[in-house]
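All of the numbers you see were taken from the coordinates with simple rules; none came from a lab. Note that the structure is predicted; figures quoted are calculated from it, not measured. Backbone-built Cβ (ideal geometry, glycine too); neighbour counts: all protein chains shown.
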Amino acid sequence: MKKFLFGLYIMTAWLLPLAAQVNAPLTEGWESGDFTSHLWERPDLQYSWEITSEGAHSGRYCARSGNYYTLNTISVLQLSVFLTDTGTLSYYRKVFSAEGSGRFLFWLDGELRDSLAGYVDWSEFQCPVAAGFHTLKFCYTKNQTKSRGSDCVWIDDLHMPSGVTIAPLPDDSTYNTEEVVIVDDIEGHEFGAVNSPGTVGWTYIDGDAAPTATYNVLDFPNEGSPMAFVVLDDYLLVGNQYNVTAHSGH
């Protein structure tokens, strides 16, 4: 059910320069039970990463490499991001492999930053990361005949500075921050929410912080509250005799 923002005007999508759109740290714990929270890439579907509830670092789920006990393979999980802040990239990883056969590798922008083999219980990796475009690549390589334990790596609790995930670039291409846009159709916002950050992390400026004028012909949650915007749903509005509607959906 789609919704729309109501303030000085109604909109179903905002298109702004990328740096102007972002105000929320990027996090991933796979608690959705899938890879849909961000634009994750899993290039090889035969040995693709999986979501598992097997001993997550926190919460119920974590991600696990998918090429266990399979010789001469690599399982890749990749994410492209644009960060608006400089800060720290961190995640927790756990490895159970045979030395010389299975190994976990993490590349940041093509540079190897983390590598583990053998048995390593949950531990945190951290590295500094600058604002701008980055590619994260988590891999588990399986080379020889030896196997030990679960023969995989688990990843959980990924944290980065404020930013957004973006579609991967073609080879030898670059992004221009003025060309990359985010479309928010308000579908994920709650009816009646005031100044809703949504999944993008919108921030709002309320010029006077005063109560908002009410409408005799419309009733909706938080009507009259101080706000910059409120999320409306034309299907749930009470007294919608003037047929206030969203551009698409509700």
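Which of rounded, prolate, oblate describes the range 19-166, given a ≥ b ≥ c as roots of the alpha-carbon gyration tensor eigenvalues and a/c under 1.5 marking rounded, otherwise prolate only if a/b is larger than b/c?
Working: a/c = 1.88, a/b = 1.73, b/c = 1.09.
It comes out prolate by the Cα gyration axes.
Shape verdict for the range 41-103, please, from the Cα gyration tensor: rounded (a/c under 1.5), prolate (a/b greater than b/c) or oblate. Could the numbers behind the result be given before it?
Details: a/c = 1.77, a/b = 1.46, b/c = 1.21.
Because a/c hits 1.5 or more and a/b exceeds b/c, the range 41-103 counts as prolate.
Taking 7 Å along the Cα-to-C-beta vector as the label spot, tell me the Ser32-Glu190 distance in nanometres, rounded to one decimal.
It is 1.9 nm.
Report relative contact order for the range 19-166 in percent, whole number only (criteria: Cα-Cα under 8 Å, sequence separation at least 6).
Working: 407 pairs, mean separation 51.9, N = 148.
This gives 35 percent for the range 19-166.
Given H placed on each backbone N at 1.01 Å, which residues far from Asp114 in sequence or on other chains put an amide H within less than 5 Å of it?
Phe106
Treating only the Cβ atoms of Lys and Arg (+1) and Asp and Glu (-1) as charged, compute the dipole magnitude of the range 19-166 about its Cα centre; round to the nearest 20 debye.
Values: 11 positive and 17 negative charges, 80 e Å.
I would put it at about 380 debye.
What distance in nm separates the two pseudo spin-label positions at Cys127 and Asp114, each 7 Å out from Cα along the beta-carbon direction?
0.9 nm
Collect residues whose amide H, placed 1.01 Å from N in the peptide plane, falls under 5 Å from the amide H of Trp49; neighbours closer than 5 in sequence don't count.
Gly66, Val76
Given the options Ser162, Trp107, Ser90, identify the residue whose Cα lies farthest towards the positive end of the charge dipole of the range 19-166 (+1 on Cβ of Lys, Arg; -1 on Cβ of Asp, Glu).
Toward the positive end, the furthest listed residue is Trp107.
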